[in-house]
Structures are given as structure tokens and as C-alpha cells.
Amino acid sequence: MRFNRRVARLRHLNAKSPNRVRPVGRPFTEMPRRLSEHTNKSRLSKGRRLLRRRFRPLRTGLPATYDSVAYNQNNSQTPRDGSSVTAASPGKLLRVAVEESTILIPGAFDALVGKLIERAGFRAMYLSGAAFSAGALALPDIGLFTLSELVEQTTRLTRATTIPLIVDADTGFGEAVNVERTVTELVAAGAAAIQLEDQRLPKRCGHLSGKSLVEPAEMGAKIRAAVAARGATDTVILARTDARGVTGMKEALDRAKRFVDAGADWIFPEALATPQEFEEFAQTIKAPLVANMTEFGKSPLLPLKDLQQMGYAGVLLPVTLLRIAMGAVNEALVEITRSGTQQKLLNRMQSRQELYDLLGYTGYEDRDRAYFQREANS
């Protein structure tokens, strides 16, 4: 009702004005451009002044370091003064890292852990579907989280850190056209690499029995859709095959070759059973390979130096940190239940100061003071 009265009032005012504003039915987005042509405020009707006030830019009051540079999700910087300062994209950083050496890639089940991974000097991190399902949602790894939930978690991690993030997108949330949307959203969220697997829904953990696979042609279509959706970005398309635990090693190798032909940048052979199988994959597949060193699974836990000698690009530790954290939480709960106090656990905790340092707490305080100082001086 209030909006209708305002529209009626503007129509009345503009009817009396010799310089009529665009009719109310025209798009509002055209009005600021048209109004900016009038520099003499005295010539504007009252209705035009109301509209100009509506579109007046807001003053941010940000400190100079924040007012001069706009940050995007890919850690690129675009100064507003017209100069260009562009950092390498997440995908490019990841590609460069594995060209230099085989890298360990721990799984980050939340943003705070991601900051610890970065601080420890790792050059990439991994968002595991299993760790995300369990840690954030308390759900099993059977494809129950949604694309929106995964994108939100990806955004949290890429905003909190600067190292490349590999995102486990499971089966891509549908067919080829669904994969297009999945890749588009995850690229926008800052993913350096996007992993797609050839399981059929309902999917299962790669180290469990009872999995079923889509046809190679169907997976090839998904990979082509992913490559098309990433556009000109350096985002890595990582194709995982679960065939080793379903139909055998020969089928796994054949699928990997077909996935490379379809456009996959890297290959992830899941649940290989022996060191010899890891070696055979490395000798047969002419593409960067990722080894999964998950605990309590079907693969042996091979050291980094062995996988490096075989030529693997990256080594995933997808759920390691979540398992360690949950084990520590469980032990703490047992101790607190037994003794009624956490006193004996203090030396095992991250201190308050350590947490504040990790969060950059003082930086927030400094900016908060700067905001108020700018207001006081204006």
C-alpha cells in the first residue's frame, strides 16, 4: 500500500514537471544513467530528486586497504584505480604445485582446520564428501548432501584460506547437464579442482563393497560437460574410477584411459589393493594421478616417497584429521565423565591465544577501531 501511494505521488509530481522522468513502468536500472545527465539540481523536479536520492551510492567508510582493492573468491585483486594486480588462479596454483613435486593433500573438514593445514605449509587441501557428510551433517557417505550445501562448504574453505582446494563432488549431482551446473557453482566458489566419480546412485564409500558403476560412455559425457562448464579457467577436472573394486584392475585401467580421452585432467584410481597395482596404474595411464591413502580401507598406506617414485601427482589424506579429532574428543569426554573436570586435558588443548592467532583476532580489532575512527573524523 505504501509503495502504491509513493508511485501515485511520483506520477503527480512528474506530471507537473517540464522535464518528465521516465514512466514508472520503465526498468529502474535505466534511471540512474538518465538522471546523471542532469547536473543542475535546481532544474530537477521534486520527483526526480527523490529518485536520485534513492540511487545515491553508499559510503563504505572502509580503511584505505579495504577501500582500494576488491577481492574475489580466486584470491585475485582488482584495484579500483585501474591498475591490475592478479594472483594466480586456484587451479593454476594446484597445477604448478604438482609439477614441482608430489604433494600431500590433507582433508579439511571445516574452515578452521583448513587454516591449520595452510599454516603447516601444505600446498593444497581436500574437501572429502565422506568427511563433509560425517563432520558437518552427521550423515553416512551415500550421496545425501546437496549441491547447495557443498558449494556453501567450499566457499567457507576458500574464503578462509589461500591454498588450492580439491572438492569431492561425488557423482556430479545428476546427469551431464547437472554436472554443468555443479562445476559452474564450484568454480564460482573457488574450487581449484573438482572430482567426479563413476559410481551409480545410491553411491557408497569407495572402500566398501556393493558399489555399482555407470557405463563408461555416461561418465565420459559427464567429463565433457565438466570441461565445457569450467570454461577458460584452470580448474582441474579429476575423474575417479571405482572399477577396481567392482569389475577388476583391467576395467579400471580401461576406464581411466577413456576418461582421459574425454578430457579429464587428472585420474583418481580408487581402492587399489597392492603397491603393484599403484605402480601399474602409474606406468599405464599417461596423466597426473592421485593416490588415496585413507585409513581402514582396502589400499595399503604407502609412504609419500614411494608414491613419488612411482610418479603420482598428489596423495590424499581425506579423513585423517577428522578421525584424529574425533578420537581426541572421545577421549576427552571419557576423562571429563570420569573425573568431573577437564583439568588434566589442558596441556592437550589449543590455547586461547593460539586460537586467536589462527583467526587473526587482532586484525579484526584493528579494523573495528579504524571504522569508528573514520566515522569520528567525518
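The values are calculated or read from the model by the stated rules, or taken from the named source; none is laboratory data. Quantities reported herein were computed from a predicted structural model and do not represent experimental measurements. Cβ sites come from the backbone with ideal geometry, for glycine too, and all protein chains shown count toward neighbours. The accessibility values were calculated without ligands, DNA or RNA, using every heavy atom of the protein model including side chains. Shrake-Rupley method; radii C 1.70, N 1.55, O 1.52, S 1.80 Å.
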Study note, to complete from the structure: In order over segment 150-165: 3J(HN,Hα) from phi, Karplus 6.51/-1.76/1.60, θ = phi - 60°, whole Hz, x for each Gly or Pro, gives 5, 4, 4, 5, 4, 4, 4, 5, 6, 6, 7, 9, 10, 7, x, 10
**Study point:** Those trypsin sites (Lys or Arg not before Pro) in segment 234-340 that DSSP places in a loop and that have at most 14 other beta carbons within 10 Å
**Key:** K286
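Taking each pair of distinct Cα atoms in segment 312-353 once, what is the resulting Kirkwood hydrodynamic radius in Å?
Taking the inverse mean of 1/r over all distinct Cα pairs, segment 312-353 comes out at 12.3 Å.
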Exercise for review: May I ask you to work out the translational diffusion coefficient for segment 325-378 at 25 °C, viscosity 0.890 mPa s, via Stokes-Einstein with Rh from the Kirkwood sum over Cα pairs, reported in whole µm²/s?
Suggested key: 173
Revision key, fill the gap. Under the 7 Å Cα-to-Cβ spin-label approximation, L144 and Y361 lie apart by a distance in nanometres of 3.5
**Study point:** All-pairs Cα distance distribution in segment 79-195, expressed in whole percent, bin size 5 Å
**Key:** 2, 12, 21, 22, 19, 13, 7, 3, 1, 0
Study note, to complete from the structure: Whole-number value, in Å³ per residue, for the convex hull of the alpha carbons of segment 152-251 is 108
**Study point:** Pairs beyond 25 Å (Cα-Cα), from K115/K298; K250/K286; K115/K222; K222/K250
**Key:** K115/K298; K115/K222
Review point. How many nm is it between the label spots at A217 and E295, if each spot is 7 Å from the Cα in line with the beta carbon?
Key: 4.4
Review point. For the residue pair E251 and R181, what label-to-label distance in nm results when each label sits 7 Å from Cα along the Cα-to-beta-carbon direction?
Key: 3.0
Revision key, fill the gap. Those GluC sites (Glu not before Pro) from segment 270-363 that are DSSP loop and have at most 13 other Cβ neighbours within 10 Å turn out to be E295
**Study point:** Length gained when the stretch A111-A87 is fully extended (0.36 nm per residue, less Cα-Cα span)
**Key:** 6.5 nm
Exercise for review: Using Cα positions and a limit of under 17 Å, work out the aspartates and glutamates in reach of K344, with same-chain residues fewer than 8 apart set aside.
Suggested key: E331, E335
Study note, to complete from the structure: quick shape note, segment 242-337: Cα extents on principal axes in Å, largest first -> 56, 28, 25
Check your understanding: Going by accessible area, probe 1.4 Å, with all protein chains left in place, what is the ranking of L201, L137, largest first?
Key -> L201, L137
